[in-house]
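As structure tokens, the structure follows; a few thoughts come after it.
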Amino acid sequence: MMERKERKPYWRHTKWQMLASVVPFLVLIIVLPLYASSLNGAKFLGFPLGYFLSAHGIALIAIFTVASFVNRQDAIDHWHGAHEDN
Amino acid sequence: MITTSRTRFVNPRLGAYFGIFVSLLTGLVLLLMIFEQLGTSEIVLRWAMLLGPLVLYCAIGLSVPSREALDFFASGRRVPAGYTGLGLASAAMGATGIVAMTGTFFLIGFDALCLVIGGLAGFVIMAVMLAPFLRKFGAFTVPSYLGRRFESKPVRILAAALIAVPLLLLLAAELGMGASAAAWLSGQPRGPMVLLLVVAMVVTVVVGGMRSFNWSSSGQAIASLLALIVPVAIVAVMVTNFPLPQLTHGPLLRQLVYNEASQGVPVVPASQLDFMLPGEGFASVAKRFTAPFGSVGPLAFVIAMLTVMTGVAASPWLLPRVTMTPGVYETRKSLGWATVFFGLTMLTAASVSVFMRDFIMDVVKEGSPARLPDWMQELVRLGFMQFDATASPLIFMSFKLARDTVLLSLPVAAGLPNVFAYLAAAGIVAAALVAATAATVALANVLTEDVINGLSWEPMPKGARMLVGRIAIAGVALLGGAFTLLAPTDPLRLLLWCFAITGSTLFPVLVLSIWWKRMNAFGALAGLACGFTVAVLTILAGEAHVIGLAGALAGIVGLPAGALGALLASLATPGPTRSMLELVREIRIPGGEVVYDREMRLMRLKNRERG
């Protein structure tokens, strides 16, 4: 169980983790498709690069973002003793 | 002290059970393929493919009855992350996401990605900003959470009333899409098929409520995923020699791009706010596959993406499901799985459309063949394709496909046995059932918990509570069926409206309720009301062409309206009470007992002392 005085630092840590997960991801998914047409000249695995990054790339980035968030947030929970008991 | 455990509740035999389910399904498909070769009549095969899986889903639903309220409304909180993620990915867009998205990819290529990216981002936002906290709170419905968080009955009732609108839109979209596929499969009109789906839904979930829904929808999601991926993987082996269609259609796509250029497929730059998603019915290819922003303008692309993102992240038919995992950590993980499965489904849909374009391009490249290939004539006979027979030479643009039949066309075009086309249709029915049942159960739970029992935090006695829940499920399912029959509209459009309304109404209020302690009941009321009103008015104005903004993009006006309403009203009124602040502090911390379960336990203890 978490100590009362740990609440503030825990939440500050969590807030920064939220921003670190969400902000770069949002910037990326908004900006990437807008430049797709100029990237389409190059190719990767045979795909036009702009299309590949906007479809497969963003899917991979989303999976990576959630995975890293789960990992980091769990570490934060354990650091502050806020994790579930098991 | 009572603690939550990550693994304590999970049934260790789940894998075996679903293994049996998959074997039964595979056995059915193989058996039907054998019967097809033996010359069994087509109608028997079609009905077997429609009813066989339906019987399996009903059997799963009936075999997990609920005797406790926690089972009936929250599946006992023992659904592991993987199954939750599968269900979330499948229910987010349901059959519309598979069928209409494949068709949209086929017709407008790159521009369809705005919806895919929106869905993926929705899961990311849900994982980071909403799901873990709602899991810690543990309420069965979103209005229950809001009502308790703001200690306000009006917030609870208003949220329940406003949520009903997007849920009914989703229900109508999914039932419509599922009924169309079932009607094609059985050769019967749409009306009876809507009724069949409604009956299947009610039979599946009425006994076990959320528990039945969770396990049957896991089965349905597995079936729809297999039905989507297996035929495409076989086609991928035929075309690219490798069974990974999502990754191997690259060279094919490049070839297609060159051919499209030589065929004169147009590159039309769309203006910033253009949002021309293909509707139902026949259309020819609108633009080159990989060229961005031909049908959807760049600004509209971003707006649609954000609208779908907020809609998925705050969707009241997905959020109750994240409270059914064994713990907060599992909830976060389940969203990771949801991203994986959703991405996989959508990339497969994209590869289907590339294969389909390529098959047609192969015919066109031969100039004007004396006789069109058999599969093309078969597609015309089935009513999936039209073309201008007088056009000479034959060009790519003279072929027209109906948006919602592109997925079913692929097995036919590749010359696979008919059973594969039936399997694809059965998969569409399964995906439609996942999303339609999710909406039905979510709305029925809202009715039971927040409307019928809305004036009291204390639930009804166990028996009555579950009886009301069962009646509500049947009632909502019938209402959805009637709505589908009376107002048939393009399912994709309904789905996008649903996302726009959900995102504007719920997203700002839910996010602020967790991340902004200062928010109070007035803020919640204002946020819900402003977001909903502005979104609905914008959709209506957009559809009536009063303003130059497509209805699906209403989120861009509704979302700031909801957020502003919530912020200003909260700041203008007295701050939250101490107990509200204490509750917010508590849901922010994953450890400790589930808030809702603890309050129910204390209430039972108090009643026992009194009695």
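Here are some notes:
- Subset of segment B:201-217 (residues that are hydrophobic (A, V, I, L, M, F, W, C) and either in contact with a Pro (Cβ under 9 Å, 6 or more places away or on another chain) or surrounded by fewer than 24 Cβ atoms within 10 Å (Cβ to Cβ) (or both)): B:202, B:203, B:206, B:207, B:210
- Condition met for residue B:332 (under 30 Å from residue B:162 (Cα atoms), touching a Gly at 6+ places or on another chain (Cβ under 8 Å), in a helix (DSSP H, G or I) and not β-branched (Val, Ile, Thr)): no
- In this entry, residue B:120 is excluded by the filter for residues that are assigned to a helix (DSSP H, G or I), of a type in the set (A, V, I, L, M, F, W, C) and modelled with pLDDT under 95.
- Among the residues making up segment B:138-161, those that are assigned to a helix (DSSP H, G or I) and buried (at least 23 other Cβ atoms within 10 Å of the Cβ) are B:142, B:143, B:144, B:145, B:146, B:147, B:149, B:155, B:156, B:159, B:160.
- Of everything in segment A:53-77 that is more than 9 Å from the chain's Cα centre (by Cα) and more than 7 Å from chain B (Cβ to nearest Cβ), the residue that is surrounded by the most Cβ atoms within 10 Å (Cβ to Cβ) is A:53.
- Failed condition for residue B:21, given (1) within 14 Å of chain A (Cβ to nearest Cβ); (2) on the phi < 0 side of the Ramachandran plot; (3) not charged (D, E, K, R): (1)
- Members of segment B:341-355 found to be under 15 Å from the mean Cα position of the chain (by Cα), at the interface with chain A (Cβ under 9 Å from one of its Cβ atoms) and hydrophobic (A, V, I, L, M, F, W, C), listed by number: B:342, B:344, B:346
- Looking across segment B:249-262 at every residue that is buried (at least 16 other Cβ atoms within 10 Å of the Cβ) and under 19 Å from residue B:398 (Cβ atoms), the one that is nearest to the other protein chains (Cβ to nearest Cβ) is identified as B:256.
- Per-region count, segment B:256-282, residues in contact with a Gly (Cβ under 9 Å, 6 or more places away or on another chain) and not in a loop (DSSP other than H, G, I, E, B): 1
- Taken together, the residues in segment B:102-132 that are closer than 22 Å to residue A:65 by Cβ and more than 10 Å from chain A (Cβ to nearest Cβ) amount to 3.
For every residue, the table says whether it meets (1) out of contact with any Cys (no Cβ under 6 Å at 6 or more places or on another chain); (2) in contact (Cβ under 8 Å) with a residue 40 or more places away in the chain; (3) not basic (Lys, Arg).
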residue: B:502; (1), (2), (3): yes, yes, yes
residue: B:505; (1), (2), (3): yes, yes, yes
residue: B:511; (1), (2), (3): yes, yes, yes
residue: B:518; (1), (2), (3): yes, yes, no
residue: B:525; (1), (2), (3): yes, yes, yes
residue: B:533; (1), (2), (3): yes, no, yes
residue: B:536; (1), (2), (3): yes, yes, yes
residue: B:540; (1), (2), (3): yes, no, yes
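- On the stretch given as segment A:10-38, residues that are under 25 Å from residue B:269 (Cβ atoms), in contact (Cβ under 8 Å) with a residue 12 or more places away in the chain and surrounded by fewer than 19 Cβ atoms within 10 Å (Cβ to Cβ) total 4.
- Out of B:198, B:239, sole residue that is away from chain A (no Cβ under 14 Å) and surrounded by 16 or more Cβ atoms within 10 Å (Cβ to Cβ): B:198
- Within segment B:330-341, residues that are closer than 9 Å to residue A:67 by Cα and free of Cβ contacts under 8 Å to residues at least 60 places away in the same chain reach no partner that is among the β-branched types (Val, Ile, Thr) and surrounded by fewer than 24 Cβ atoms within 10 Å (Cβ to Cβ) with beta carbons closer than 8 Å at six or more positions or on different chains.
- The single condition from (1) without any contact (Cβ under 8 Å) to a residue 40 or more places away in the chain; (2) surrounded by 14 or more Cβ atoms within 10 Å (Cβ to Cβ) that residue B:81 fails is (1).
- Residue match in segment B:562-582 (condition: under 30 Å from residue B:298 (Cα atoms), surrounded by 23 or more Cβ atoms within 10 Å (Cβ to Cβ) and within 25 Å of the chain's Cα centre (by Cα)): yes
- Residue within segment B:11-18 that is modelled with pLDDT of 95 or more, among the aliphatic types (A, V, I, L, M) and touching a helix residue (DSSP H, G or I) at 6+ places or on another chain (Cβ under 9 Å) present: no
- The listed residues are B:220, B:246, and the only one of them that is buried (at least 19 other Cβ atoms within 10 Å of the Cβ), in a helix (DSSP H, G or I), within 14 Å of chain A (Cβ to nearest Cβ) and among the polar types (S, T, N, Q) turns out to be B:246.
- Subset of segment B:296-314 [in contact with a Phe, Trp or Tyr (Cβ under 8 Å, 6 or more places away or on another chain) and either free of Cβ contacts under 8 Å to residues at least 60 places away in the same chain or part of a loop (DSSP other than H, G, I, E, B) (or both)]: B:297, B:314
- Qualifying helices (runs of 4 or more DSSP H) (wholly inside segment B:1-106; at least 1 residues being closer than 29 Å to residue B:490 by Cβ): B:42-62
Residue-wise test of (1) under 21 Å from residue B:163 (Cα atoms); (2) buried (at least 23 other Cβ atoms within 10 Å of the Cβ).
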| site | (1), (2) |
| --- | --- |
| B:395 | no, no |
| B:404 | no, yes |
| B:407 | no, yes |
| B:433 | yes, yes |
| B:460 | no, no |
| B:474 | yes, no |
| B:477 | yes, yes |
| B:489 | yes, no |
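The values are calculated or read from the model by the stated rules, or taken from the named source; none is laboratory data. Because the structure is predicted, anything quoted here is derived from the model rather than measured. Counting neighbours? That spans all protein chains shown, and the Cβs are built from the backbone with ideal geometry, glycine included.
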